[in-house]
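Enquirer: Shown below is the structure under consideration.
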Amino acid sequence: MEAWQSVFQNSSMLIKGLGYTLEYSLYAVVLGTVLGLIFALFRLSGSRILRALGTVYVDIFRGTPLLVQIFFIYFGLPQVLPLHQWFGEFYTVLAGAAALALNEGAYITEIIRAGILSVDKGQWEAAESIGMTSYQKMRYIILPQAFKRMIPPLVNQFIQTIKDTSLLSVISITELVRAAQIVIVTTYFALQFWTAVAVLYLIVILLLTKLSQYLERRLQVDQR
Amino acid sequence: MEAWQSVFQNSSMLIKGLGYTLEYSLYAVVLGTVLGLIFALFRLSGSRILRALGTVYVDIFRGTPLLVQIFFIYFGLPQVLPLHQWFGEFYTVLAGAAALALNEGAYITEIIRAGILSVDKGQWEAAESIGMTSYQKMRYIILPQAFKRMIPPLVNQFIQTIKDTSLLSVISITELVRAAQIVIVTTYFALQFWTAVAVLYLIVILLLTKLSQYLERRLQVDQR
Amino acid sequence: GCGTGSSTPSNSGQSGQTQPVTLHVGADTTFPPFETEKNGQVTGFDIDLIKAIAQKENMQVDLKTMDFQGLIPALQTGDIDVAVAGITITDDRKKSVNFSDPYYHSGLSILVKKDNTTINVPDDLTGKTVAVKLGTTADLMFSKKPGVNVKRFTNISDAYSELQNGGADAVVFDNPVNLNYIRTGHDNVKIVGPLLTGEDYGIAVRKNAPDLLQKINDGLKQVMADGTYDKLYQQYFGDEPNGKIKH
Amino acid sequence: MISVKNLRKQFGEHVVLQDISVEVAAQEVVVIIGPSGSGKSTFLRCLNGLEKPSSGHIVIAGHELTGHKADLIEIRKQVGMVFQRFNLFHHLSVMDNITIGPIKVLGKSKAEATELAEELLRKVGIPEKANAMPDQLSGGQQQRVAIARALAMKPKVMLFDEPTSALDPEMVGEVLAVMKDLARDGMTMVVVTHEMGFAREVGDRVLFMDGGYVVEEGTPADVFDHPQQERTRAFLSKVL
Amino acid sequence: MISVKNLRKQFGEHVVLQDISVEVAAQEVVVIIGPSGSGKSTFLRCLNGLEKPSSGHIVIAGHELTGHKADLIEIRKQVGMVFQRFNLFHHLSVMDNITIGPIKVLGKSKAEATELAEELLRKVGIPEKANAMPDQLSGGQQQRVAIARALAMKPKVMLFDEPTSALDPEMVGEVLAVMKDLARDGMTMVVVTHEMGFAREVGDRVLFMDGGYVVEEGTPADVFDHPQQERTRAFLSKVL
Ligand SMILES: Nc1ncnc2c1ncn2[C@@H]1O[C@H](COP(=O)(O)OP(=O)(O)OP(=O)(O)O)[C@@H](O)[C@H]1O
Ligand SMILES: Nc1ncnc2c1ncn2[C@@H]1O[C@H](COP(=O)(O)OP(=O)(O)OP(=O)(O)O)[C@@H](O)[C@H]1O
Ligand SMILES: [Mg+2]
Ligand SMILES: [Mg+2]
């Protein structure tokens, strides 16, 4: 009883943590989408070098654990670059968001690439046949059509990102997990706090899952 | 230079860590496959209760971060059950493997379920028409056919598991990440050690990716 | 760092400057009562002390929290100027950073369950499972000492949980934190035996900044001389005498 | 052998079988014809318990088909079914396709089942394909294996749902030949087919289904040459 | 207007166009016929730069088609293409399908492009569909929008690749009518089609392609009524 009271008393701390969780997830997905778009276009480009760059990026960031990426960026990089001097206080936020964004970006690259490739070949040819440049073709014809199909997997990736944000706790970003740890240090009600944390994640993620399913259904209707 | 020498000197420690990483990944995938099979059959069963059980399992373990699951099982559960007394020293291994297996099991449930549903309806009906029970139908007709299609996604899940194992570092399991941390707190060569760790993961994961691609190609040939 | 915040009143003793210089301070917030986070506010003995020192030296504290493991690397790269986190002064660490004069006398103590009768002195730990915090002096000590089964955790709270849950026979950690743990409502544990080490906490200062080190030491002297130190000590540690630096 | 009374089957709102009553005697060969969507497949699937009747009674070889699981499996052992799309088990060799039922369902020994399978493969004319995989066979060969697989269960009744309509024309004959043999051996058969030659030659009775009813029935000669109903005439004029 | 010399195109080992030399004068309508796989589509796609020739020269409206990117885009502005499967931009309304080229590629103002599009929609007979989405149109209507889209670029040449073969028979006429209008207006056209009536009525010349060669060419009357080559005769006997 005392334990649950304690959870209740500290709920504002947890909610604040959840706020950071969502905030970092949003940064990561937005930045990751930009990265994903760039590298997806690299992977589909005519240039062998750009294609190789895209492949290396995806392979590295999907081929190593996010935790290692976070440690590398937060503890490793400042050894050779005065990042803390350049960015000051802001480097923790930056490193956390960057690690997350680079990681999600690699997955989003593949989502966008698959979305682009799913657009019917006839659309590419029709765009070319009216003299569009590669850029115009992508911008006005292919991406708008690919985008619709990418929304459900992107929402799923957002869900994944929310879970991944928990790893930022290791670099003292007080997202939900770290917030819980800090409270548990003084209260020691581990079981109850982790249950509460799990429930908070579940609520957010189930809501997003429903959204994703709804979007998927709407999309199918649209494509009749 | 000194830094890389240090990495080289401590390489046996890292390799040993990688050994644990692979060992836990294997436990998790084997156990997870057993769990996945059980819950996939639950999700496909005629019983509303079993179906609900399957859904709850999948939703909970895919709807919360693995890190939270690890904390819950390792720090939370012993508050209400004398798990350390029951299992002694072994509880760390058990909790780590269990958390990982429960998590992977939820993803594997969906892989197996999709594999089973991908088997042509005619195969189900043909099996029923010669009087097979549900068990016989699954065991002799559906699973053998579903299994082949499940291999590539299962290999991918194994890759995911290897990366997930890094989170076991938080409960003092000296897998690759924790092994590196232990060395870094005395040497301070974070950049070099995290690079080495990343390379080790990359090697293992790229090898497995190649295996998965090979299997996928072989499978397509088989299905001509 | 560069000077900011001209609005902050500066009441410096010796330097005639009116523009306070910003002192970038790194701290790990999971080390009560030295540093802890309450309702989003970082508080604790270390925090109040460094603020007092900074005030004496006409500096403005810019506090940055990070993991204990990250403090010394951050000092090396110049991300922070000083680190206060109950950092034990060791020869090893002196290679990477400078240390101020000691401000707290500490040592590692052994924390066990109250009903434990088998562990009474440090040597009893052989063959037992000991929970420590990753990268702390206890961790480094046991790493060199075979025969003890070490479990390393990222947070000391996890080590305490491990003890409470029965996953470890003892926690070895800095005495004041162990004391604090008992004081904050955990009366089923006790400290046994003498301190394993006698060690001092110092403020870690980034290398190649002799002026800064000088300022910190100077400020510490003033704080000790004018009674601020004693007041803070009383506030956080009460009558427990072991930790106080004689001055 | 088969007795169906007031069988009704609906999917949701959509009534597919309105009210079907049919008796099939032992050793009788009944051919069902009718336009697409008239409920022929659904009727056969009800006889085999693949679909659960909405109401009505089905009794096969003395067992009432109630929908209880154990009972269903018992009935299915008595009733062989051959599908339009063969549905051989893709992962099993021809031999294993045929023996898996006898071994796993009937509990026969492997030796006994193999012997029976060899005999059946001779009967359907492809003894040399015992070790082939289904994908290596032509459609006609696959369908003959499917018939052998059904026969291996020693059923009292065989149901065929358009067994030749997924076949290239040159393979239709070989499958029909096997079915004629079966009929001659005295097997009770219900066959949905549009092969009128087959119906005339071996059918004892023809049922014409439309809109979920049996609209007309009689000997092949009666139904084909002197249809009584307008709907039958219209259908036959298109098909014949 | 179009001059093709010794055009050769291969995909890997497979030579699809062996050696094609064709001249098309301004305002001429050339119809290409030939069996499936003879290289008709590949030829048209080479004219539009959608495929890169393996060797040979193509000059269109004074531009040599070398494969340089900027050059390619320039040529494509001169050459309109209509595909068998329409390939309207699914996410854009009929109006936007037609105006996107003029606005984005030619840099026209939206007002100007819209006015032109309205005129073209009247020309192809569906002014009322300006705001419809492609999926809401019949095949024939979609193809007419596709023609309007190509015309909006004010091309000097129009290429048609079997523009009516994906259409239900009742819609073929409406598309051919639009094409006839175009021909009458003096558009230079190269049309792959099996609509012999169209070829006779508006074709100035017919090319018969087979195996990557132009096997025979002449006026429609010559080629259809007095084919010189055995292969042409064989083909026409099947098609006519
Ligand atoms: N599982 C089902 N759910 C809903 N409707 C179904 C189902 N199975 C069949 N139907 C409907 O029942 C009707 C009869 O189908 P059935 O397959 O029995 O016809 P049929 O006479 O065999 O036709 P065909 O000659 O095309 O095989 C059809 O309208 C079909 O759409
Ligand atoms: N991108 C490609 N890669 C490889 N081979 C191709 C490619 N495009 C076409 N071909 C081959 O080139 C040959 C000619 O194809 P093309 O489409 O030009 O024939 P066609 O005369 O238009 O036939 P149809 O009347 O069927 O449209 C065919 O054998 C085809 O398989
Ligand atoms: Mg049917
Ligand atoms: Mg073609």
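Enquirer: Can you tell me which condition D:LYS5 does not meet? The list is (1) within 16 Å of ligand 1 (Cβ to nearest atom); (2) open to solvent by 50 Å² or more (accessible area, probe 1.4 Å); (3) of a type in the set (Lys, Arg), and all the others hold.
Expert: Here D:LYS5 meets the rest and fails (1).
Enquirer: Right, something else. Can you name every residue in the range C:92-114 that is open to solvent by 10 Å² or more (accessible area, probe 1.4 Å), assigned to a loop (DSSP other than H, G, I, E, B) and in contact (Cβ under 8 Å) with a residue 12 or more places away in the chain?
Expert: Of everything in the range C:92-114, those that are open to solvent by 10 Å² or more (accessible area, probe 1.4 Å), assigned to a loop (DSSP other than H, G, I, E, B) and in contact (Cβ under 8 Å) with a residue 12 or more places away in the chain turn out to be C:SER96, C:ASP101, C:PRO102, C:LYS114.
Enquirer: Based on what the data block shows, is B:THR186 open to solvent by 40 Å² or more (accessible area, probe 1.4 Å), out of contact with any strand residue (DSSP E or B) (no Cβ under 6 Å at 6 or more places or on another chain) and not in a helix (DSSP H, G or I)?
Expert: no
Enquirer: Taking the condition of being open to solvent by 20 Å² or more (accessible area, probe 1.4 Å), at the interface with another protein chain (Cβ under 8 Å from one of its Cβ atoms) and modelled with pLDDT under 95, how many residues in the range A:151-169 meet it?
Expert: 0
Enquirer: Name the single residue, out of those in the range D:147-201 being in contact with a Ser or Thr (Cβ under 9 Å, 6 or more places away or on another chain) and polar (S, T, N, Q), that is farthest from ligand 2 (Cβ to nearest atom).
Expert: D:THR193
Enquirer: Which ones in the range D:21-56 are closer than 14 Å to D:ARG8 by Cβ, more than 14 Å from every other protein chain (Cβ to nearest Cβ) and assigned to a loop (DSSP other than H, G, I, E, B)?
Expert: Listed by number, the residues that qualify are D:GLY39, D:PRO53, D:SER54.
Enquirer: Okay, moving on. When the residues of the range E:76-101 are narrowed to those that are at the interface with chain A (Cβ under 8 Å from one of its Cβ atoms) and part of a helix (DSSP H, G or I), which ends up most open to solvent (accessible area, probe 1.4 Å)?
Expert: Checked the range E:76-101; the qualifying residue most open to solvent (accessible area, probe 1.4 Å) is E:LYS77.
Enquirer: Does any residue in the range D:194-222 that is touching a residue at least 12 places away in the same chain (Cβ under 8 Å) come within less than 7 Å, Cβ to Cβ, of a residue that is within 16 Å of ligand 3 (Cβ to nearest atom) and of a type in the set (Lys, Arg) six or more places away or on a different chain, and which pairs are these?
Expert: Sorted first by the residue in the range D:194-222, then by its partner, the pairs are D:MET209/D:LYS40.
Enquirer: Checking D:LEU167 against (1) closer than 22 Å to D:GLN78 by Cα; (2) within 16 Å of ligand 3 (Cβ to nearest atom), which test does it fail?
Expert: With (1) closer than 22 Å to D:GLN78 by Cα; (2) within 16 Å of ligand 3 (Cβ to nearest atom) applied to D:LEU167, the lone miss is (1).
Enquirer: Conditions first: (1) among the aliphatic types (A, V, I, L, M); (2) part of a loop (DSSP other than H, G, I, E, B); (3) more than 13 Å from chain D (Cβ to nearest Cβ). B:VAL119 passes all but one, so which condition is the exception?
Expert: Checking B:VAL119 against (1) among the aliphatic types (A, V, I, L, M); (2) part of a loop (DSSP other than H, G, I, E, B); (3) more than 13 Å from chain D (Cβ to nearest Cβ), the one that fails is (3).
Enquirer: A follow-up question, please. Yes or no: the range D:44-52 includes at least one residue that is within 13 Å of ligand 3 (Cβ to nearest atom) and either open to solvent by less than 20 Å² (accessible area, probe 1.4 Å) or closer than 11 Å to D:ILE2 by Cβ (or both).
Expert: For the range D:44-52, residues within 13 Å of ligand 3 (Cβ to nearest atom) and either open to solvent by less than 20 Å² (accessible area, probe 1.4 Å) or closer than 11 Å to D:ILE2 by Cβ (or both): present.
Enquirer: Considering only residues of the range C:156-182 that are open to solvent by less than 20 Å² (accessible area, probe 1.4 Å) and of a type in the set (Gly, Ala, Ser), which is farthest from the other protein chains (Cβ to nearest Cβ)?
Expert: Within the range C:156-182, the match that is farthest from the other protein chains (Cβ to nearest Cβ) is C:ALA170.
Enquirer: Being within 13 Å of ligand 4 (Cβ to nearest atom) and surrounded by fewer than 19 Cβ atoms within 10 Å (Cβ to Cβ) is the filter here, so list the residues in the range E:13-43 that pass it.
Expert: Listed by number, the residues that qualify are E:PRO35, E:SER36, E:GLY37.
Enquirer: Next question. What residue, of D:GLY56, D:GLY62, is open to solvent by 60 Å² or more (accessible area, probe 1.4 Å) and over 20 Å from D:GLN142 (Cα atoms)?
Expert: The conditions single out D:GLY62.
A quick yes/no check of all residues on (1) modelled with pLDDT under 90; (2) among the small types (Gly, Ala, Ser); (3) surrounded by fewer than 24 Cβ atoms within 10 Å (Cβ to Cβ):
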residue: C:GLY5; (1), (2), (3): yes, yes, yes
residue: C:THR8; (1), (2), (3): yes, no, yes
residue: C:PRO33; (1), (2), (3): yes, no, yes
residue: C:PHE45; (1), (2), (3): no, no, no
residue: C:ASP48; (1), (2), (3): no, no, yes
residue: C:ALA52; (1), (2), (3): no, yes, yes
residue: C:GLN55; (1), (2), (3): no, no, yes
residue: C:MET59; (1), (2), (3): no, no, no
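Enquirer: Further question on the same structure: Is there a residue in the range E:58-66 that is closer than 26 Å to E:MET171 by Cβ and at pLDDT 90 or above?
Expert: Checking the range E:58-66: not a single residue is closer than 26 Å to E:MET171 by Cβ and at pLDDT 90 or above.
Enquirer: Would you be able to say whether some residue in the range D:162-176 is closer than 27 Å to D:SER21 by Cβ and crowded, with 19+ Cβ neighbours inside 10 Å?
Expert: Yes; the residues of the range D:162-176 include at least one that is closer than 27 Å to D:SER21 by Cβ and crowded, with 19+ Cβ neighbours inside 10 Å.
Enquirer: Which one of these does B:VAL58 not meet: (1) in contact (Cβ under 8 Å) with a residue 24 or more places away in the chain; (2) surrounded by 19 or more Cβ atoms within 10 Å (Cβ to Cβ); (3) farther than 16 Å from A:TYR201 by Cβ?
Expert: Going through the list (1) in contact (Cβ under 8 Å) with a residue 24 or more places away in the chain; (2) surrounded by 19 or more Cβ atoms within 10 Å (Cβ to Cβ); (3) farther than 16 Å from A:TYR201 by Cβ, B:VAL58 breaks only (3).
Enquirer: Can you find a residue in the range A:201-223 that is away from chain B (no Cβ under 13 Å) and under 21 Å from C:ASP158 (Cα atoms)?
Expert: no
Enquirer: Now a separate question. For C:GLY185, state whether it is crowded, with 24+ Cβ neighbours inside 10 Å, more than 18 Å from the chain's Cα centre (by Cα) and part of a loop (DSSP other than H, G, I, E, B).
Expert: no
Enquirer: Count, please, the residues in the range D:8-29 that happen to be closer than 13 Å to D:VAL214 by Cα and within 16 Å of ligand 3 (Cβ to nearest atom).
Expert: Summing the residues that are closer than 13 Å to D:VAL214 by Cα and within 16 Å of ligand 3 (Cβ to nearest atom) in the range D:8-29 gives 3.
Enquirer: Let me ask another. Pick from the range E:127-146 the residues that are aliphatic (A, V, I, L, M) and either buried (at least 21 other Cβ atoms within 10 Å of the Cβ) or outside any loop (DSSP other than H, G, I, E, B) (or both): which of them is nearest to ligand 2 (Cβ to nearest atom)?
Expert: E:ALA146
Enquirer: All but one of (1) crowded, with 22+ Cβ neighbours inside 10 Å; (2) more than 21 Å from C:PRO73 (Cα to Cα); (3) among the β-branched types (Val, Ile, Thr) hold for A:ILE70; state the number of the condition that does not hold.
Expert: (2)
Enquirer: Being within 14 Å of chain A (Cβ to nearest Cβ), of a type in the set (Asp, Glu) and either within 16 Å of ligand 3 (Cβ to nearest atom) or in contact (Cβ under 8 Å) with a residue 24 or more places away in the chain (or both) is the requirement here; does E:ASP135 meet it?
Expert: Considered against the rule, which asks whether it is within 14 Å of chain A (Cβ to nearest Cβ), of a type in the set (Asp, Glu) and either within 16 Å of ligand 3 (Cβ to nearest atom) or in contact (Cβ under 8 Å) with a residue 24 or more places away in the chain (or both), E:ASP135 comes out as yes.
Enquirer: Is it fair to say C:PHE153 is of a type outside the set (A, V, I, L, M) and within 9 Å of another protein chain (Cβ to nearest Cβ)?
Expert: Yes: the conditions hold for C:PHE153.
Enquirer: When the residues of the range D:212-236 are narrowed to those that are crowded, with 16+ Cβ neighbours inside 10 Å and part of a helix (DSSP H, G or I), which ends up nearest to ligand 4 (Cβ to nearest atom)?
Expert: The residue in question is D:PHE235.
Enquirer: Then there is this: What's the number of the condition D:GLN10 fails, among (1) open to solvent by 60 Å² or more (accessible area, probe 1.4 Å); (2) farther than 30 Å from D:GLU201 by Cβ; (3) within 14 Å of another protein chain (Cβ to nearest Cβ); (4) not acidic (Asp, Glu)?
Expert: Just one mismatch for D:GLN10, condition (3).
Enquirer: Inspect the range E:89-109 for any residue being free of Cβ contacts under 8 Å to residues at least 40 places away in the same chain and farther than 27 Å from E:LEU50 by Cα and give the result as yes or no.
Expert: Yes, because at least one residue in the range E:89-109 is free of Cβ contacts under 8 Å to residues at least 40 places away in the same chain and farther than 27 Å from E:LEU50 by Cα.
The values are calculated or read from the model by the stated rules, or taken from the named source; none is laboratory data. This is a predicted model, so every value here is computed, not measured. Neighbour counts run over all protein chains shown; Cβ positions are idealised from the backbone, glycine included. Areas reflect the complete protein model, heavy atoms only, side chains present, ligands, DNA and RNA absent. Shrake-Rupley method; radii C 1.70, N 1.55, O 1.52, S 1.80 Å.
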